[in-house]
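Encoded as structure tokens, the structure appears first; notes follow it.
The values are calculated or read from the model by the stated rules, or taken from the named source; none is laboratory data. Small disclaimer: the values here were computed from a predicted structure and weren't measured. Cβ: placed from backbone, ideal geometry, glycine included. Neighbour counts: every protein chain shown. Calculation scope for accessible area: heavy atoms of the full protein, side chains included, ligands and nucleic acids excluded. Shrake-Rupley method; radii C 1.70, N 1.55, O 1.52, S 1.80 Å.
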Amino acid sequence: MAFENSNDNPAAISKTKIFRWSVFLLIFSVIVVIGNHIAGYDAGYPIYEPLIGMLILCAMTLAGMILERMIPHNISSIIYISIIGLVLSLPGMPTSEFIVYYVSQIDLTVICTVFLAYVGIAVGKDWDKFKKIGWKGVVITMFVITGTYVCSAVIADIVLIATGMI
Amino acid sequence: MPPTLIILTMPLLYAMLLGLGLFLMKPIKIFGREFDLVGRRQSKVAQGAMLVFIGPLIAKLAVSSGQSIGVIFQVGPALLLQELGNLGTVFFALPIALLLGFKRETIGMTSSICREPNLGVVIDKYGFDSPEARGVLAIFVIGTMIGTIYISFLASVLISLDILHPYAFAMASGIGSASMNAAAISPLVYMFPAMKTDLMAFAGSSNLISFCFGVYECIFLSLPLTEFLYGRLEPILGRSSGEENESDLNEGEM
């Protein structure tokens, strides 16, 4: 998506883009809120409250994605979104109580489930490439992921014990 | 109590498989006309949407991180040091890749978890047509296909063995891929609802650390380490294919 920025009218481009992202995010929010309700994570709250939570998360996403394109360094929107979300919900920030109240009504697993449905459809395109690389690639990928995950967990566990945290 | 192995089949696994199934399904015939419910076009849109949808996931983790900033500072050393665990890819996967008969591709395949930033580093260093770049691209494609499902499965299996603390797994889930981060933390949040906020806080901050330093770790630590281990292990484990593979050794400067 980044290389489309070279167009000579970046402002107009980003306007239609922002509109498209907003529509995507709105659809996503509605699906998540319905899933969240079915799973019962919003029990005891009126249905519009988790929706507000989702809209807060979407606003952070939009801000991060716009910043990625506005700031000339090649920094991933993931970093901007993380920092915005983190700073705005720091204890003591005026926004903190509001954000935490609404966002905590949405469960992470629900967002993840909806997200993965889209991943499933999106990766379908690469199915032929995937088959061409074959089982050896699958085996190596599993070892790659296991390697980083297990080693990180072991180091974290040792340091947590050493520093008396657990 | 002996640890029991639980394989948690979570809705997120079904969601992804259903999505993939819908794409692979043959077009249905209605009144003699073919309808492809989810085709190539929808898949392309879903790919664009996916890049946007990762945002709210990351934002959710970030809010937990901000909320629990005090705890994060307390466990700071563990959070920072576990980042070195990313080097584990080399130790685990390099011998396997060599045993499976790969040559220089191994360097690209096993130096990192092969997400977008790592693709950039490897292609930049070895060139787009190099075997190293072929390797990193292959694992990138497979990682996109199976990475999220696999790590969520792995997380639920490992946590049920009850050897390491859930906090350690939460910190480990920041491996440099936002979607795998979320997929790895979901089973933990599901199994330990009481620790939910802390688990998400650790996962979110560990992911942020990975995104900030992962590329440098790849350039300065894991690639040199992979080269070193490749030099040592290839003569022992590598299959003698008879071809001169040193000839395409292309140590271009960065």
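Would you tally the residues in the stretch A:121-145 being within 19 Å of B:LEU22 (Cβ to Cβ) and either more than 7 Å from chain B (Cβ to nearest Cβ) or acidic (Asp, Glu) (or both)?
Total satisfying the criteria: 3.
Name the residues in the stretch A:29-47 that are in a loop (DSSP other than H, G, I, E, B) and either without any contact (Cβ under 8 Å) to a residue 12 or more places away in the chain or not assigned by TED's automatic domain parsing to the domain that holds A:LEU57 (or both), would you?
A:GLY40, A:ALA43, A:GLY44, A:PRO46
Do we find a residue being open to solvent by 40 Å² or more (accessible area, probe 1.4 Å), of a type outside the set (Asp, Glu) and at the interface with chain A (Cβ under 7 Å from one of its Cβ atoms) anywhere in the stretch B:139-159?
No, that holds for no residue.
If the requirement is being without any contact (Cβ under 8 Å) to a residue 60 or more places away in the chain, surrounded by 24 or more Cβ atoms within 10 Å (Cβ to Cβ) and at the interface with chain A (Cβ under 9 Å from one of its Cβ atoms), which of these qualifies: B:PRO56, B:PRO77?
The conditions single out B:PRO56.
I'm trying to understand the selection: among the residues of the stretch A:91-114, which are open to solvent by less than 10 Å² (accessible area, probe 1.4 Å) and in contact with an Asp or Glu (Cβ under 7 Å, 6 or more places away or on another chain)?
The answer is A:GLN105, and nothing else.
For every residue, the table says whether it meets (1) modelled with pLDDT of 95 or more; (2) open to solvent by less than 60 Å² (accessible area, probe 1.4 Å).
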site	(1), (2)
A:ILE84	yes, yes
A:LEU116	no, yes
A:GLY124	no, yes
A:LYS131	no, no
A:VAL138	yes, yes
A:MET142	yes, no
A:ASP157	yes, yes
A:ILE161	yes, no
A:ILE166	no, no
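Just checking, which of B:ASP198, B:ASP162 is on the phi > 0 side of the Ramachandran plot and surrounded by fewer than 22 Cβ atoms within 10 Å (Cβ to Cβ)?
Numbers: B:ASP198 fails: on the phi > 0 side of the Ramachandran plot.
Unique residue meeting the criteria: B:ASP162.
Name, by its number, the condition in (1) more than 7 Å from chain B (Cβ to nearest Cβ); (2) modelled with pLDDT of 90 or more; (3) under 30 Å from B:TYR14 (Cβ atoms); (4) out of contact with any Ser or Thr (no Cβ under 9 Å at 6 or more places or on another chain) that does not hold for A:PRO94.
So the condition that A:PRO94 fails would be (3).
Restricting to the stretch B:28-52, name every residue that is of a type outside the set (D, E, K, R) and part of a helix (DSSP H, G or I). Talk me through it step by step, then tell me what you get.
Applying the first criterion (of a type outside the set (D, E, K, R)) to the stretch B:28-52 yields B:28, B:30-32, B:35, B:37-39, B:42-43, B:45-52.
Residues satisfying the conditions are B:GLN42, B:SER43, B:VAL45, B:ALA46, B:GLN47, B:GLY48, B:ALA49, B:MET50, B:LEU51, B:VAL52.
So, restricting to helices (runs of 4 or more DSSP H) that lie completely within the stretch B:129-214, which ones have at least 3 residues that are free of Cβ contacts under 8 Å to residues at least 12 places away in the same chain? Reasoning before the result, please.
Numbers: elements: B:131-160, B:166-172, B:178-191.
Helices (runs of 4 or more DSSP H) meeting the threshold: B:131-160.
Looking for something touching a residue at least 12 places away in the same chain (Cβ under 8 Å), of a type in the set (Ser, Thr, Tyr), open to solvent by less than 10 Å² (accessible area, probe 1.4 Å) and within 7 Å of chain A (Cβ to nearest Cβ) - is there at least one such residue anywhere in the stretch B:59-74?
There is at least one residue in the stretch B:59-74 that is touching a residue at least 12 places away in the same chain (Cβ under 8 Å), of a type in the set (Ser, Thr, Tyr), open to solvent by less than 10 Å² (accessible area, probe 1.4 Å) and within 7 Å of chain A (Cβ to nearest Cβ).
If A:HIS37 satisfies all but one of (1) open to solvent by 60 Å² or more (accessible area, probe 1.4 Å); (2) over 12 Å from A:ASP107 (Cβ atoms), what's the number of the condition it fails?
That leaves (2) as the condition not met.
Across the stretch A:40-70, which residue is nearest to A:ALA117 (Cα to Cα) among those that are of a type in the set (Val, Ile, Thr) and surrounded by 15 or more Cβ atoms within 10 Å (Cβ to Cβ)? Lay out the reasoning, then the answer.
Applying the first criterion (of a type in the set (Val, Ile, Thr)) to the stretch A:40-70 yields A:47, A:52, A:56, A:61, A:66.
After this cut, where a residue has to be surrounded by 15 or more Cβ atoms within 10 Å (Cβ to Cβ) as well, the list is A:52, A:56, A:61, A:66.
Details: A:ILE52: 23, A:ILE56: 22, A:THR61: 19, A:ILE66: 25 Å.
Looking at residues that are of a type in the set (Val, Ile, Thr) and surrounded by 15 or more Cβ atoms within 10 Å (Cβ to Cβ), I get A:THR61.
All but one of (1) farther than 22 Å from A:ASP107 by Cα; (2) at pLDDT 90 or above hold for B:SER240; which doesn't?
If we test B:SER240 against (1) farther than 22 Å from A:ASP107 by Cα; (2) at pLDDT 90 or above, just (2) comes out false.
With (1) surrounded by 16 or more Cβ atoms within 10 Å (Cβ to Cβ); (2) over 25 Å from B:PHE202 (Cβ atoms); (3) facing chain A (nearest Cβ under 8 Å) as the list, and B:LEU98 as the residue in question, which single condition is left unmet?
Looking at each condition in turn, B:LEU98 falls short on (3).
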